[in-house]
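Right, one structure below, let's go through it.
The values are calculated or read from the model by the stated rules, or taken from the named source; none is laboratory data. This one's a predicted model, so the numbers in the text were calculated from it and none came from an experiment. Backbone-built Cβ (ideal geometry, glycine too); neighbour counts: all protein chains shown. Remember, those area values only see protein heavy atoms, side chains included, never the ligands or the DNA or RNA. Shrake-Rupley method; radii C 1.70, N 1.55, O 1.52, S 1.80 Å.
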Amino acid sequence: MDQVRDLIGEITGAPFEARRRVFVIDDAHTMNEAAQNALLKSLEEPPPRSHVVLVSAAPAGLRQTIRSRCQRLRFGPLTRATVAALLAERRGVPEEEARVEAALSGGSLGAALAFESEAHARMREGLLDLLERAEALDPLARMEAAETLERSEDPALLLTTLRSLLRDVAALRSGAGAEALVNGDVGGRLAALAPGPLGERALLLAERAGEARRGLRGFANKLLTFDSSWTRWAGTDLPPGARTASTAA
């Protein structure tokens, strides 16, 4: 709220050097209701030389009165080829590594540039191990797996990585070659999963991983998101008692 009050004062001020002033509010959907209400008047009657840009990956989190006073400009994801080329150009990333990072970036160059390959390798190994054990996990073990996932420092990247693994399993089951895989270096382990029960559901589960990622953007509780998603991925629902325990957690 204090930040918004300071911003309102700045919006009403005159430019110092340039002819106009531009204010960018990143992750605008994270403003609370009071902050959004305070900002509303500045959006209704902005000074002619001030421009306010609200950036959001979850615009539904903004009040309708805010959205109705803004011109919406959608930014689509960059192609994988474009992101991979830029990674090679700016960071000298090898071709294969750039291809994987581009596939996991979701079309965001910023995400790709911030990518940490060693941390991702450890994250992917943990997810692949869980997928290989998924069918044998009991309800309690599934909740423990959800808690492990919830502790991830980057849950969005974790879900993107999970989706890429499931997508590769689905591709292998449909007869795709190794060249079509995002995670080609672990293709042998993924191929072992493709003929089994996980392979049958892989495409649907990849879609659910995407839904879970979008749920996190919309303020969904991380543990409940992972708990629900992992239950689906394992193929069975938790018993009522286990679900209540998870919710209480």
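For this structure, a couple of remarks:
- Segment residue 57-residue 136, extension gain: residue separation times 0.36 nm, minus the distance between their alpha carbons: 24.8 nm
- Three-way shape label, the chain, alpha-carbon gyration tensor, a/c 1.5: oblate
- Descending by average beta-carbon neighbour count within 10 Å, the peptides 136-144, 157-165 line up as 157-165, 136-144, the highest first.
- Ligands, DNA and RNA are left out, and with a 1.4 angstrom probe the accessible area of the chain is 57 Å² per residue.
- For the chain, with all protein chains in place and a probe radius of 1.4 Å, 52% of the accessible heavy-atom surface sits on carbon or sulfur.
- Convex hull of alpha carbon positions in segment 19-139: directionally averaged projected area 12.2 nm².
- Rounded, prolate or oblate (a/c below 1.5 giving rounded, otherwise prolate when a/b exceeds b/c) for segment 111-190 by Cα gyration tensor: oblate
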